[in-house]
Each structure stands twice: as C-alpha cells, then as structure tokens.
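Reading through the structure tokens given below for one structure.
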Amino acid sequence: MALSIADLPKEELFGQGHAGCGGCGAAVAGRQAMKALGSRTIITIPASCMATMGGSNLKTTWQIPFYHTLFEIAPAVSSGIRAALDAQGIEDVNVVSWAGDAGTADIGFQALTGAAERNEHMMHVCYDNEMYMNTGGQTGSQTPMFAKTSNMSKGKMIKKKNMLAIMEAHEIDYVASASIAYPLDLIAKFKKAAEKPGFSYIHILAPCHRGWQIPAEKTIEFARLAVESGLFELYEVDEGKRTRTVEPIFIPVQDYLLPQGRFKNLTQEAIQGIQAGVNRHYGRGE
Amino acid sequence: MVKNLPVVPTAKAGSLVDTPTGITWRIQYPEILENCNMCLDCTLFCPDGAIVQQEGKLVLNLSLCKGCGICANECKENAIQMIPEYSGVQGVFR
Amino acid sequence: MSTTLLTGSEAAAYGAKLARIEVLAYYPITPAFPAMERISKFIDDGDLNTRFVRVESDHSALAAALGASLAGSRTFTVTNSQGLLYMTEVVYHTAGLRQPVVMAVANRALSAPHSRFPEQGDAISQGASGWIHLFCENNQEVLDNMLQAFKIAETVRLPVMVNYEGYIQSHTLEEVEIPNQEKIDQFLPLTRVRTLDVENPQAVNTVASPEFYMDYKFRQNEAMEQALTVIGSVSREYAQEFGRDWSGLIDTYQMEDAEHAFVAMGSMISDARIVVDELRSQGQKVGLVKVRAWRPFPAEALRQALKKVQLITIGDKNIVYGLGGALGTEVRSALYGQDVRINSYILGLGGRDVTTVEIKKVLELSEKTEKQATASEWFGL
Ligand SMILES: Cc1ncc(C[n+]2csc(CCOP(=O)(O)OP(=O)(O)O)c2C)c(N)n1
Ligand code: SF4
Ligand code: SF4
Ligand code: SF4
Ligand SMILES: [Mg+2]
C-alpha cells in the first residue's frame, strides 16, 4: 500500500525550535526520517550542523534520545548502544547513527565501514550537503567536481567519491539513496531499513542553501532538480536487489548546476562532460 | 555560584520547542490562502515543523517559523504567500 | 575462593568476569591482547554473558564502550600505548560525559622509536583526561583493583583505568586468589543508569556555552575530589569482605621510623618491598610509599606519609619531555614548603630492567646526592 502524508504520525520528534539556519535541507531530512522511525529510536550524530542544531546547554529540539558524539565515532557508539540494548533485553528500538558527508565518508568512514562489516543491527544515515558546513563550507570527498567552496576558490578538480557504491560493496542488508524532495520515497526507505535485522545505509541529498549559494526557499527545488536531471539517482539495493525508485525526467544538467553560485563559473565543456556522464549512466543517447 | 547541572551534560527532550531559537531572524512570514487543497506537502518540506496537520486542519505556528519561504515555493496550488515582517509607514516589526 | 596461577592479563580478565560486564569492546594490541582473548574465551565458553563488539579500531573500542555505558550497561575495554593514544579523544570525552567505563591498560612505551616493552608513559599521557588511575603492584592487585574500579567508577561517576605493566605483569604468572562470585555480586551490585533511554528521552552533550562549560568542569573535578575519599572507603570495604587491604590512595611500608622513603608506583613496588626488607636488615631506616591512585593525585596523603623523612627518592617509569618524571614533579609540588631533600629518577623506560638491584642502586645514589641539578635525573643509561 502506498504511503500517504495524511496517515503519517503527527508527532514532531525533531525540528521544532532547532538552532540551524532557516531553510536548512538537513533539518528537512531529519523531520522526514523521524516520521518513519518513530519515538522508539536512539540517534547518535557526530559534530556537524545537524548535531549543533540539536540544541545547546539545557535545551534540545529532539524528542527522542539524541547524543551529539565526537566527529568520527557515531557508528561505533551506536554499535555499543545496540549491544547494551541486547544485553538488557530491550528489543523494539531503532538504533541510528546520522552524520554529514564528512562524518560519513571522510573522518567518519573507519567507524562506518567497521559497523557495516559487522552487519550491526542499526542504520547509518548520511545527510549529504556536499561540503563541511559546520566549519564554514570546505571541500571534502563528497563535494562534486568543479564546485567552489570556502577553501577551494577555483573549484574541486576531482570527482565525488561514490559512497553508495562503497556501501553496496559491504553487502549489507539495505542501501538506498534518498532525497528531501521525495519525502514519501524517503520515508518508505527508512521504514524498510528499520525492519532489517542487520546494517542499512541511507544517503540523502540534503542541499545547504548557504554552501550551494542558492536562495533558501529553493532548498527542496534543487534537491528535486538533482534527481530530475539524473545526477542524483534514487534507488535502493534491498538484500542485493537493485531497484530505481524514481525515474528521472532528464532535464538538462545545466538547469540544475548553473543557477547554483558554487557552479557559476562552469564552462560549457564541463557541462557537456557532466551531461555525457549522466547519459552514459542511464544508457541514453550517444 | 556554581550552577546545579545534570551530572551528565544533557537537555530534557523537546525543551527547545517552547523557546525556539531562530524566529527573531525572520524577515517574512507565510500566510495560507483559501485555495489550499490540503495536499499536506508543506508539512513535510518545512524544516522547522512550523506547519503541521492537526485534526484535519493545516496549522501554522509562527513562533517556530523562520520565514525561509520553502512552503510557498513548494506549494503546487500557490496557496501560500510570503509577507514581509515589517509593515506600515514606519516599517515597524509586527 | 580459590587460588591459581594467573598472569596479570588473566587477572584482569577474571576481574571483568567477576564484575559481570555486559558489553565488551576492544581492539588487539600487544601486550594487552591476552586479557582480551581470555575474556572472549569466557564468552565463547558460555562462562560470561557479555556482548562483544568487535570494533575496527581502538578509537571505536572506547566509543562503543561509551555508547553501551550511556545506554546503561556495565562496560569494559582493554588497551595500551598506541591504542590508548589513538583513543585519547574518546578518553577525555568519556570523562566529560561522566560514564563509569573501566579500562585495563597493560602499560607499554610509546612510539617513536617503536617499542613493545613496559613503561608507564602511556598512562601518564592521560593524566589530565579526567580518568581515575589505579596502578597495581602485582597480579592479585590487578584482579582486586578491577572490582574496586567498577565500584569507584559507579559511585563517583567517572571512568577508571586499571594500570599494570606489559610483560612484567601482563605475561607473568603469580599466585592469585579468585574471590567467589556471590560475594562479589554483593560487593558490586549493578547500579544501572540509562542516559540514553527511549522511556526517558534526553539530549546528551548539547553544545555548552561559556556560561555552562566551566560549571560542568567544576562538577567533574569535584567528582575527582570525591574520589579521594571513595577510593579509600571502597578499599576498606573490600578488605573487610575479602581480607586483602590495598589501603586506599597510597600504601606505606616500613614508614613509621623511616628516614629515607622510596616513592613509586606499579610493578616497582613489589621489588621495592624486598629492597626495603634487605636494607632494614642492614640497619638502614628505609621505607616505601606506593602511589596506588595517581589520579586523583593523593597530595594530602603523601604529605602525611612523608612528613617525617629526611630524604625522598622517586622512581618514574615515564618522562614528560622538558619537565621530568611525572611522579617526581608532582610529589615535589605536593611537598612544597616541606623541609626535605627530594631526588627523582627516570628509569626503566621502554622495558629497561628495574629489579631489586637497580632500586637498591637508585637509593644509594640518592643518599649520595645532596641536590639534583635537574628536576629528574636519568638512571641506568
Ligand atoms: C576530530 C575533529 N576534527 C575536526 C572537527 C571540526 N569539524 C566539526 S564539524 C566539521 C564538518 C562537518 O561536516 P559534515 O560532516 O559534512 O556535516 P555538515 O556540517 O556539513 O552538516 C568539522 C571539520 C571536529 N569537531 N572534530
Ligand atoms: S549551514 Fe547549511 S546545513 Fe548548516 S544549518 Fe545552515 S542550511 Fe543547514
Ligand atoms: S502545500 Fe499548499 S496546498 Fe498543500 S497543504 Fe500546503 S498550503 Fe495547502
Ligand atoms: S516559511 Fe519556512 S519555516 Fe516558515 S512555515 Fe514556511 S517552510 Fe516553515
Ligand atoms: Mg556536509
């Protein structure tokens, strides 16, 4: 049965009063995910925008147990939490580690690959804003080619590391990409992940209007354009079975790229290269 | 005087909801118009949980809204209008 | 109660078993690994009902233990040297979050150059971390301190390191009495505190502003000061129940009329006891002060124990570069203003032997040294 928004739980488990920017894509991801996960969830979030916006001093936006961890340890901490719950016979709790692209693919990768290899009963979520926003927007492995950041004013000259492929290679229970512009698709994927006995990985493209240099109100719109252009493919690998969950309509990639401040200086040659890459991936044209 | 703090640095769940941080940054606010068809999309796109579905109605809680404009941008019915916070000749804050 | 031959590693493992740890996480390193393997064997044989998180690194080992502790389980980890340094970030963090994690450390020298041999430099590097440090003089004390460590940790809500030296203790068989489980269960009932709990949700480690951070730190240090008392009371209670008195923060041996005191910690202590006996038999008024708890630093206890001596000789199996031996420096500062000669020596680094012979030589050298030119002198080069 298809999900409908009206049937989603009404409780707001994350986001109300949060301390992040207005129009934050990461916050949208958190709100949508919590509609699937529910209140019996323990979440660990390493240093990042998402951890910072969780609260300060004696105040928090979270309605569930939330732990702002050190930068590189969230999947390891969550593994320990699961072990403790098992030891205490507590069964019906979702254990989640949730990190930015740096906390997932760069400094956090060691703990992530470890937890995935052990097939821990938990899920890791990467909310990908394609740069290190909490420290001002520097380049990392998830920054796409050509994007300009606060420490690479001429743009990055190498490709984005494919985290979904890397996680798929771990042969874990469930791997999926998701987008905040497709909330029902995202929520369905979280529900699937929560049912798995082992490890799941969900990679969400969550635009940051500050880093991407787009208007705040267009956060969702750009998340959608990324999918429509085919640049960010929505799919899942459910126990080895790969399915595309949203078919792109293939708008020209430049419609997604050029309006973003970080890609302002893209050459036509570069755009053609990116478009060719998309065409190749989906077996179109050429 | 040393504060009486929890042993483990912690905060009580949901304690920010009543004292939200960001609304003073707001320069515009949304208004829901009559042509809203209750598709509820905006409830999942708002980053701040400021528009929610309550007893079959769409409820906007301005004390949580940061005025980002996502809801207005995403509404397929054009049923949300963003209005500048300052109004009147003196430009007073609402 | 039964007596068996155990290595220090096995003694630590039996301690963890008797404490009924619920979650274990470790990453192999020499010479700590035999303790790890022994506990895993307990689990595999069904003698211990513990969840083992087979992490991919030392850093994650403490992270997993910390997560489990926050979720309310009694947790334990083992490491040393490079592993301890690698987890340092989590070491400080665990103390700040006031989690009663216990960690056994089979002390080993730090790289570079690479060394696998005993030294206390690894533990010393964590002196400002907010962990309670216990040092053990023999394998029996390793086992007993493990059990006391959990009790102390859960009382003051601070993590505890149980230090014993690599090889000298970790790989050496000694007679160890294993207390019986029922009595341990009474001594060490599980006090479960769930910080991460879906029934009572809260946010852990929210960002602290300058208005809050310092107050948290004051409280954390206050708990350390509380440990000064608790370490003593736990030790007395243990002595009453199990008949072995490790005597709290420090232990003194032949100090009543001593004129010359040797101050040290760890494996040197058991050798030093023999040296003191020998020198006493020759009529020399020599005594021994063992620092059992290095953190919190037992300054007042040391002042009391050392107030009548004329000469203090300190042995440090560590070096704080540009300063001297850690214990030497700290004992000097604790005794500031006291009219006493203090000589401090760095010895036994990276596994260089410190036997009764060396300890005797150090004491002789100290007798002859009127005033040291530097804060600590090197012995045995
Ligand atoms: C060990 C360590 N190194 C560096 C930092 C500084 N730091 C905090 S957050 C962050 C970037 C986070 O980037 P990402 O994971 O992509 O999340 P985002 O802030 O973009 O949401 C960095 C470098 C830190 N907190 N800890
Ligand atoms: S900088 Fe970007 S990711 Fe961080 S809170 Fe602001 S909008 Fe969100
Ligand atoms: S998105 Fe527009 S039409 Fe849909 S519920 Fe919101 S305001 Fe109404
Ligand atoms: S303007 Fe932004 S914060 Fe306010 S209700 Fe709309 S989406 Fe939510
Ligand atoms: Mg990021």
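By how many degrees, 0 to 90 and rounded to 10, does the Cα axis of helix A:183-195 deviate from the longest principal axis of chain A?
Approximately 40 degrees, to the nearest ten.
Using the Karplus equation 6.51 cos²θ - 1.76 cosθ + 1.60 (θ = phi - 60°), what ³J(HN,Hα) coupling, rounded to whole Hz, does each residue of the range A:256-269 give in order, writing x for Gly and Pro?
The phi angles translate into 7, 7, 4, x, 7, x, 5, 10, 3, 9, 4, 7, 4, 4 Hz.
The range A:80-135: which GluC sites (Glu not before Pro) are DSSP loop and have at most 11 other beta-carbon atoms within 10 angstrom?
A:91
So if I place +1 on the C-beta of Lys and Arg and -1 on the C-beta of Asp and Glu, and nothing else carries charge, what would the dipole magnitude of the protein assembly as shown be about its Cα centre? I want it in debye, nearest 20.
So the magnitude is around 1420 debye.
Given the range A:10-281, what whole percent of its Cα pairs are spread farther than 28 Å?
On the way: 11054 of 36856 pairs.
Of all Cα-Cα distances in the range A:10-281, 30 percent exceed 28 Å.
Looking only at the protein assembly as shown, where both bridge partners belong to it, what percent of the DSSP beta bridges are antiparallel (to the nearest 5)?
35 percent
Tell me the accessible surface of residue C:246 in square angstrom (1.4 angstrom probe, heavy atoms of protein chains only), to the nearest ten.
Solvent-accessible area, nearest 10 Å²: 30 Å².
Name every cysteine in chain B that ends up alone, with no second cysteine's Cβ under 4.7 Å, or say none.
Isolated Cys, chain B: B:36, B:39, B:46, B:65, B:68, B:75.
So what is the 222 nm mean residue ellipticity for chain A from helices alone, if each DSSP H run of at least 4 adds -39500 (n - 2.57) and you divide by all residues, rounding to the nearest 500 deg cm²/dmol?
-9500 deg cm²/dmol
Search the structure for amide H atoms under 5 Å from the amide H of residue A:140, placed 1.01 Å from N in the peptide plane, and list their residues when 5 or more places away or on another chain.
A:132
Quick one: ranking C:185, C:339, C:45 by accessible area, 1.4 Å probe, largest first, what do you get?
The residues order as C:339, C:45, C:185, largest area first.
Which longest uninterrupted range of chain C lacks any GluC sites (Glu not before Pro) assigned by DSSP to a loop state (not H, G, I, E or B) and surrounded by at most 14 other Cβ atoms within 10 Å? The partial results should precede the final answer.
Values: sites that count: C:199, C:256, C:259, C:370.
Segment C:1-198 is the longest.
Counting other Cβ atoms within 10 Å, which trypsin sites (Lys or Arg not before Pro) in the range A:182-286 have at most 16 and lie in a DSSP loop?
Counting only loop positions with at most 16 other Cβ atoms within 10 Å, the trypsin sites (Lys or Arg not before Pro) in the range A:182-286 are A:264, A:284.
Counting only other chains, and only Cβ atoms inside 10 Å, what mean value do you get across the residues of A:213-219? The partial results should precede the final answer.
Values: counts 0, 0, 4, 7, 10, 5, 7.
Average per residue, whole number: 5.
Can you work out ³J(HN,Hα) from phi for every residue in the range A:146-153, in order, using Karplus 6.51 cos²θ - 1.76 cosθ + 1.60 and θ = phi - 60°, giving whole Hz and x for Gly and Pro?
After applying 6.51 cos²θ - 1.76 cosθ + 1.60, I find 6, 5, 8, 10, 5, 10, 9, 5 Hz.
In the range C:250-378, what % of DSSP beta bridges are antiparallel (nearest 5)?
Details: 5 of 22 bridges.
The antiparallel proportion sits near 25 percent.
For chain C, with a Gaussian network of springs between Cα atoms less than 10 Å apart, report the residue from C:228, C:335, C:66 with the top mean-square fluctuation.
Between C:228, C:335, C:66, it is C:335 that shows the largest mean-square fluctuation.
Pick from A:248, A:183, A:65: which residue has the top mean-square fluctuation in a GNM of chain A where Cα pairs under 10 Å get a spring?
The residue with the greatest mean-square fluctuation here is A:65.
Could you size up the charge dipole of the range A:10-281 around its Cα centre, putting +1 on the beta carbon of Lys and Arg and -1 on that of Asp and Glu, and report it in debye to the nearest 20? Present the calculation step by step, with values, prior to reporting the outcome.
Working: 26 positive and 27 negative charges, 144 e Å.
The dipole of the range A:10-281 has a size of about 700 debye.
Suppose every K and R has +1 on its Cβ and every D and E has -1 on its Cβ; what is the size of the dipole of the range C:2-242 about the Cα centre, in Debye to the nearest 20?
Using Cβ point charges on Lys, Arg, Asp and Glu, the range C:2-242 gives about 440 debye.
Please enumerate, by chain and number, the lysines with C-alpha under 16 Å from the C-alpha of residue A:264, excluding those fewer than 8 residues away in the same chain.
A:148, A:154, A:156
Calculate the tail of P(r) for the protein assembly as shown: the fraction of all Cα-Cα distances greater than 44 Å, expressed in %.
When every Cα pair of the protein assembly as shown is considered, 35 percent fall beyond 44 Å.
Among A:272, C:350, C:87, whose Cα projects farthest towards the positive end of the dipole of the protein assembly as shown, with charges put on the beta-carbon of Lys, Arg (+1) and Asp, Glu (-1)?
Value computed over the given set: A:272.
Loop only per DSSP, at most 14 neighbouring Cβ atoms within 10 Å: give me the GluC sites (Glu not before Pro) in the range B:3-76, ordered by residue number.
Loop-located and lightly packed - B:34, B:55.
Would you please give the FRET efficiency between residue A:151 and residue B:26, computed as 1/(1 + (r/R0)^6) with r the Cβ-Cβ distance and R0 = 35 Å, to the nearest 0.05?
0.70
Across the residues of B:35-45, average count of Cβ atoms on other protein chains within 10 Å?
On the way: counts 0, 0, 0, 2, 2, 4, 3, 2, 8, 13, 10.
Counting Cβ atoms of other protein chains within 10 Å of each residue's Cβ and averaging gives 4.
Taking one equal scatterer on every alpha-carbon of chain C, how large is log10 of I(q)/I(0) by Debye at q = 0.09, 0.12, 0.15 1/Å?
Result of the Debye calculation: -0.49, -0.88, -1.35.
Residue-wise, which Karplus ³J(HN,Hα) couplings in Hz belong to the range C:56-70, taking 6.51 cos²θ - 1.76 cosθ + 1.60, θ = phi - 60°, and x for glycine or proline?
Residue by residue, the range C:56-70 yields 9, 6, 4, 4, 6, 4, 5, 4, 5, 4, 5, x, 5, 5, 4 Hz.
Taking every residue in A:4-13, how many Cβ atoms of other protein chains lie within 10 Å of its Cβ, on average?
For peptide A:4-13, the averaged partner shielding equals 4.
Pull up the DSSP beta bridges for chain C and report the antiparallel fraction as a percent, rounded to 5. It would help to have the intermediate numbers written out before the result.
Details: 12 of 48 bridges.
So the antiparallel bridges in chain C amount to around 25 percent.
The values are calculated or read from the model by the stated rules, or taken from the named source; none is laboratory data. Everything quoted here is computed from the prediction, not taken from an experiment. Glycine gets a Cβ as well: all are built from the backbone with ideal geometry, and neighbour counts include every protein chain shown. Protein only, heavy atoms only, side chains kept; ligands, DNA and RNA dropped before computing areas. Shrake-Rupley method; radii C 1.70, N 1.55, O 1.52, S 1.80 Å.
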